[in-house]
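Colleague: Mind having a look at this structure? Questions to follow.
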Amino acid sequence: MTDRDGMDDIEASRAPLLEHLIELRSRLIKGLVAFVIAFCITFYFAEDIYAYLTQPLANALADDPSRRLIYTALQETFFTYIKVAMFAALCLSFPVIAGQLWMFVAPGLYRDERGAFLPFLLATPILFFLGASLVFYFIMPMATEFFLGFETTGGDGALPIQLEAKVNEYLSLVMTLIFAFGLAFQLPVLLILMGRVGLVSSAALAKQRKYAIVGAFAAAAILTPPDPISQVGLGIPIILLYEISIIGVRLIEKKRDEKRAAETGGEAA
């Protein structure tokens with residue numbers, strides 16, 4: 001091969017790479033535009049969204065109309081609303097962002113690979129929504145009651161202890177729990193995908209069950225606030241999702257064995 005031929009090969013390989021990079025940039029820009037548009041919408045309703053997120057605390061303090069949320073820095077509420085808007089915008093624009101990434105990756109996959117990955121792509125936001133719903137409608141009300149139980153009325157020379165929650169700290173708590181539960185609910189997607197490509201097996205997952213239980217509660221202790229309600233509320237769903245993952249991997253292995261047996265039978269015939 002001459003030097004000229006080598007240069008031609010390099011130029012030929014460089015052209016597809018540049019085309020892929022240009023397409024990736026285009027997809028990322030479209031996803032960013034979707035996020036910015038969603039942010040403009042959610043920032044307009046940021047106060048309403050934050051009021052919705054504070055509903056578990058408002059319900060717990062409904063008997064005392066004098067209770068309130070406070071902020072101690074001049075800009076605190078403004079930046080809290082920005083965080084609320086960004087959080088809501090990310091959730092709102094995620095289908096568009098995921099769709100753009102999928103349209104970038106899908107042409108490089110075989111038809112059966114696209115059919116295999118698409119259900120997992122669709123399941124990801126659904127599972128995240130389920131985890132977020134569990135936090136908001138079950139864990140947060142229970143955790144709020146638990147934390148409010150540490151208030152004291154004082155008396156006999158002792159000062160009362162009363163909650164004066166800050167707006168940004170409350171938002172950080174809610175977002176941490178939502179992200180923790182949302183990410184934990186992706187466990188079946190991760191393990192079933194690993195099972196599909198042969199990185200794990202149902203037998204190995206079942207054998208490691210006792211370690212998974214310990215790991216689930218260890219992860220719950222790290223990802224959630226230091227209260228038993230949040231930790232148990234996350235640990236138990238992780239264990240259930242792990243069991244669902246074992247069943248999913250087992251079904252994939254069964255279909256793989258049936259397909260292999262059919263191919264073997266057809267070759268033998």
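Colleague: Of the numbered conditions (1) in contact with a strand residue (DSSP E or B) (Cβ under 7 Å, 6 or more places away or on another chain); (2) modelled with pLDDT of 90 or more, residue 84 fails exactly one; give the number of that condition.
Modeller: Here residue 84 meets the rest and fails (1).
Colleague: Same structure, new question: Can you say whether residue 180 is farther than 14 Å from residue 129 by Cα, hydrophobic (A, V, I, L, M, F, W, C) and either part of a helix (DSSP H, G or I) or not assigned by TED's automatic domain parsing to the domain that holds residue 88 (or both), as far as the supplied structure shows?
Modeller: Values: farther than 14 Å from residue 129 by Cα: no; hydrophobic (A, V, I, L, M, F, W, C): yes; either part of a helix (DSSP H, G or I) or not assigned by TED's automatic domain parsing to the domain that holds residue 88 (or both): yes.
Spelling it out, it is not the case that residue 180 is farther than 14 Å from residue 129 by Cα, hydrophobic (A, V, I, L, M, F, W, C) and either part of a helix (DSSP H, G or I) or not assigned by TED's automatic domain parsing to the domain that holds residue 88 (or both).
Colleague: Okay, moving on. Of the residues that sit in region 150-177 and are small (Gly, Ala, Ser) and part of a loop (DSSP other than H, G, I, E, B), which one is surrounded by the fewest Cβ atoms within 10 Å (Cβ to Cβ)?
Modeller: To start, the set of residues in region 150-177 that are small (Gly, Ala, Ser) comprises 154-155, 157-158, 165, 172.
This time we only want the ones that are part of a loop (DSSP other than H, G, I, E, B), so: 154, 157, 165.
On the way: 154: 11, 157: 5, 165: 17.
So, considering only residues that are small (Gly, Ala, Ser) and part of a loop (DSSP other than H, G, I, E, B), the one surrounded by the fewest Cβ atoms within 10 Å (Cβ to Cβ) is 157.
Colleague: Here is a follow-up. Which of (1) farther than 30 Å from residue 153 by Cβ; (2) touching a residue at least 40 places away in the same chain (Cβ under 8 Å); (3) surrounded by fewer than 19 Cβ atoms within 10 Å (Cβ to Cβ) is the odd one out, the single condition residue 182 does not satisfy?
Modeller: Among (1) farther than 30 Å from residue 153 by Cβ; (2) touching a residue at least 40 places away in the same chain (Cβ under 8 Å); (3) surrounded by fewer than 19 Cβ atoms within 10 Å (Cβ to Cβ), the lone unmet condition for residue 182 is (3).
Colleague: Another question, if that's okay. Looking at region 118-143, I want the residues that are of a type in the set (Ser, Thr, Tyr) and have a partner that is surrounded by fewer than 16 Cβ atoms within 10 Å (Cβ to Cβ) with Cβ atoms under 8 Å, at least 6 apart or on another chain. Which pairs are those?
Modeller: Once the first residue is of a type in the set (Ser, Thr, Tyr) and sits in region 118-143, its partners that are surrounded by fewer than 16 Cβ atoms within 10 Å (Cβ to Cβ) give 124/98.
Colleague: Here is a follow-up. Given the condition of a type in the set (Val, Ile, Thr) and within 13 Å of residue 252 (Cα to Cα), answer yes or no: does some residue in region 190-198 qualify? Spell out how you get there, then give the answer.
Modeller: Narrowing region 190-198 to residues of a type in the set (Val, Ile, Thr): 192, 197.
Subsequent filtering for residues that are within 13 Å of residue 252 (Cα to Cα) retains 192, 197.
Looking for residues that are of a type in the set (Val, Ile, Thr) and within 13 Å of residue 252 (Cα to Cα), one finds at least one in region 190-198, hence yes.
Colleague: Name the pairs whose Cβ atoms lie under 8 Å apart, with the first residue in region 145-158 and closer than 21 Å to residue 59 by Cβ and at pLDDT 80 or above, the second surrounded by 10 or more Cβ atoms within 10 Å (Cβ to Cβ) and of a type in the set (Val, Ile, Thr), and 6 or more positions between them or separate chains?
Modeller: 146/229; 150/161; 151/161
Colleague: What residue, among those in region 196-223 that are more than 29 Å from residue 90 (Cβ to Cβ) and in contact (Cβ under 8 Å) with a residue 24 or more places away in the chain, is surrounded by the fewest Cβ atoms within 10 Å (Cβ to Cβ)?
Modeller: Here the residue is 209.
Colleague: Separate question: Could you tell me which residue of region 34-71 is surrounded by the most Cβ atoms within 10 Å (Cβ to Cβ), considering only residues that are within 30 Å of residue 101 (Cα to Cα) and β-branched (Val, Ile, Thr)?
Modeller: Once the filter is applied, the top-ranked residue is 42.
The values are calculated or read from the model by the stated rules, or taken from the named source; none is laboratory data. A quick note: this is a predicted structure, and the numbers were derived from the prediction, not measured. Quick reminder, even Gly has a Cβ in these numbers, built from the backbone with ideal geometry, and neighbours come from all protein chains shown.
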